[in-house]
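See structure below.
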Amino acid sequence: MKIIRLIFLFFLAFVNTLVFAQEPFVVEEITGTMQKGSQPGLQVFIPEAGTSIVESDWKKFIEKGTKSKLQREGSEFVIRNARIKKINADELNLYAIIQQTGSGSILRLYTEKDGVFVSSKNDVSTDNAVLRGLMIDFASKSHGGAVDAEIKSEQKQLKKLERDLRSLENKQKKLEKQIRSYNEDVFSYKNDLEDNRRKQEGIIMSDQYSQSSQTIDPKDQKKIQSEAKKIQRKINATEKKVRKAERELPVNAQQQRKKRGEIEQQRDQIKNVRDKKVK
């Protein structure tokens, strides 16, 4: 018996999954409380769409579909004297209630036709089927729009992260360029310092194969020594810049690795949001 029960439960789960796959937006008949008391109506769950989105979407959708103006009356969105294709009525009033639930919203629709609320029990025409089709159409559009808006928001975040990465990559190139430039400056300053040393020793290089000597005027000795100190200060300051840039490089590399990880996570997030969309 236990095995049979398990098989039966598995079968029910399979059937429910199959039905859900075939009917992503299920319209249910309800009896609910609205401004005219307890009345029959229809409801549909719209996943991933908050009430503010659904309310805005419903206003645009139903006003366009009925060529009538929607009014808010307390917690209800009401259209009086509506006109809906395939529904013949002298007077047609629509009362919608939208509530947040879980990761989406529920739309409840009460339809009053010539003073009677439409339900499968009293509907001898196709009105109930028309209303169901209308609600499924709306749910599909509102859900799709909500998911698309979320995708757009996540893509905006991805672009920001990619800009941040490009900024870090550009900073890396700048640091590497600065280090090369600083090292070239240090090399040049050291050559200047060597020339200064030779001057202090009274040696002037005429070319790479010969050299001549001259006596330095004592008046110029102090000036040459002062120039040597200035050159050494330049060397020290530039070497300090080199060390600072070299310290920043590994920090930059770590930041790039972190940012690339964030980008991959954000791409996964976009994929997850896309997967929310009911096909």
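The values are calculated or read from the model by the stated rules, or taken from the named source; none is laboratory data. This one's a predicted model, so the numbers in the text were calculated from it and none came from an experiment. Here the Cβ positions follow ideal geometry from the backbone for every residue, glycine too, while neighbour counts run over all protein chains shown.
Identify, by number, the condition in (1) in contact with a helix residue (DSSP H, G or I) (Cβ under 7 Å, 6 or more places away or on another chain); (2) part of a helix (DSSP H, G or I); (3) touching a residue at least 40 places away in the same chain (Cβ under 8 Å) that R132 doesn't meet.
Looking at each condition in turn, R132 falls short on (1).
Is there a residue being surrounded by 14 or more Cβ atoms within 10 Å (Cβ to Cβ), among the hydroxyl-bearing types (S, T, Y), assigned by TED's automatic domain parsing to the domain that holds D164 and more than 23 Å from E150 (Cβ to Cβ) anywhere in the stretch 217-231?
no
Go through (1) in a loop (DSSP other than H, G, I, E, B); (2) farther than 24 Å from V116 by Cβ and name the single condition I84 misses.
Evaluating I84 over (1) in a loop (DSSP other than H, G, I, E, B); (2) farther than 24 Å from V116 by Cβ leaves (2) as the failure.
So is S140 free of Cβ contacts under 8 Å to residues at least 60 places away in the same chain, under 24 Å from R274 (Cα atoms) and surrounded by fewer than 19 Cβ atoms within 10 Å (Cβ to Cβ) or not? Show your work before the answer.
Details: free of Cβ contacts under 8 Å to residues at least 60 places away in the same chain: no; under 24 Å from R274 (Cα atoms): yes; surrounded by fewer than 19 Cβ atoms within 10 Å (Cβ to Cβ): yes.
The answer is no for S140.
To keep it simple, each residue is scored yes or no on (1) assigned to a helix (DSSP H, G or I); (2) surrounded by 20 or more Cβ atoms within 10 Å (Cβ to Cβ); (3) modelled with pLDDT of 90 or more; (4) not assigned by TED's automatic domain parsing to the domain that holds H143.
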residue: G41; (1), (2), (3), (4): no, yes, yes, no
residue: I62; (1), (2), (3), (4): yes, yes, yes, no
residue: G65; (1), (2), (3), (4): yes, no, no, no
residue: S68; (1), (2), (3), (4): no, no, no, no
residue: S119; (1), (2), (3), (4): no, no, no, no
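Across the stretch 24-39, which residue is farthest from L107 (Cα to Cα) among those that are within 37 Å of the chain's Cα centre (by Cα) and not in a strand (DSSP E or B)?
Ranking the qualifying residues of the stretch 24-39, first place goes to P24.
Please determine whether any residue of the stretch 135-153 is of a type in the set (S, T, N, Q), under 24 Å from K258 (Cβ atoms) and in a helix (DSSP H, G or I).
The answer is yes, given that some residue of the stretch 135-153 is of a type in the set (S, T, N, Q), under 24 Å from K258 (Cβ atoms) and in a helix (DSSP H, G or I).
Using the structure shown, decide if S181 is assigned to a helix (DSSP H, G or I), within 18 Å of Q254 (Cα to Cα) and among the small types (G, A, S). Steps first, answer last, please.
Numbers: assigned to a helix (DSSP H, G or I): yes; within 18 Å of Q254 (Cα to Cα): no; among the small types (G, A, S): yes.
Criteria not met by S181.
For the stretch 164-172, check the following and say yes or no: at least one residue is over 27 Å from K279 (Cβ atoms) and in the same structural domain as A82 (by TED's automatic domain parsing). Working first, answer last.
Our first condition is that a residue be over 27 Å from K279 (Cβ atoms); within the stretch 164-172, this holds for 164-172.
Narrowing the set further to residues that are in the same structural domain as A82 (by TED's automatic domain parsing) leaves none.
Among the residues of the stretch 164-172, not one is over 27 Å from K279 (Cβ atoms) and in the same structural domain as A82 (by TED's automatic domain parsing), which makes the answer no.
Out of L193, L158, report the one residue that is surrounded by 14 or more Cβ atoms within 10 Å (Cβ to Cβ), among the hydrophobic types (A, V, I, L, M, F, W, C), touching a residue at least 12 places away in the same chain (Cβ under 8 Å) and within 30 Å of P47 (Cα to Cα).
Details: L193 fails: within 30 Å of P47 (Cα to Cα).
Of the residues listed, the single one that is surrounded by 14 or more Cβ atoms within 10 Å (Cβ to Cβ), among the hydrophobic types (A, V, I, L, M, F, W, C), touching a residue at least 12 places away in the same chain (Cβ under 8 Å) and within 30 Å of P47 (Cα to Cα) is L158.
Going by what's in this entry, would K229 be described as at pLDDT 95 or above, under 30 Å from E194 (Cα atoms) and part of a helix (DSSP H, G or I)? Walk me through it before giving the result.
Numbers: at pLDDT 95 or above: no; under 30 Å from E194 (Cα atoms): yes; part of a helix (DSSP H, G or I): yes.
It is false that K229 is at pLDDT 95 or above, under 30 Å from E194 (Cα atoms) and part of a helix (DSSP H, G or I).
Looking only at the stretch 77-106, which residues are crowded, with 17+ Cβ neighbours inside 10 Å and either within 35 Å of the chain's Cα centre (by Cα) or within 16 Å of G32 (Cβ to Cβ) (or both)?
F77, V78, N93, L94, Y95, A96, I97, I98, G104, S105, I106
Given (1) at pLDDT 95 or above; (2) more than 24 Å from Q178 (Cα to Cα), where does D207 come up short, assuming only one miss?
Exception for D207: condition (1).
Restricting to the stretch 93-127, what's the tally of residues that are without any contact (Cβ under 8 Å) to a residue 24 or more places away in the chain and of a type in the set (A, V, I, L, M)?
Total meeting the criteria: 2.
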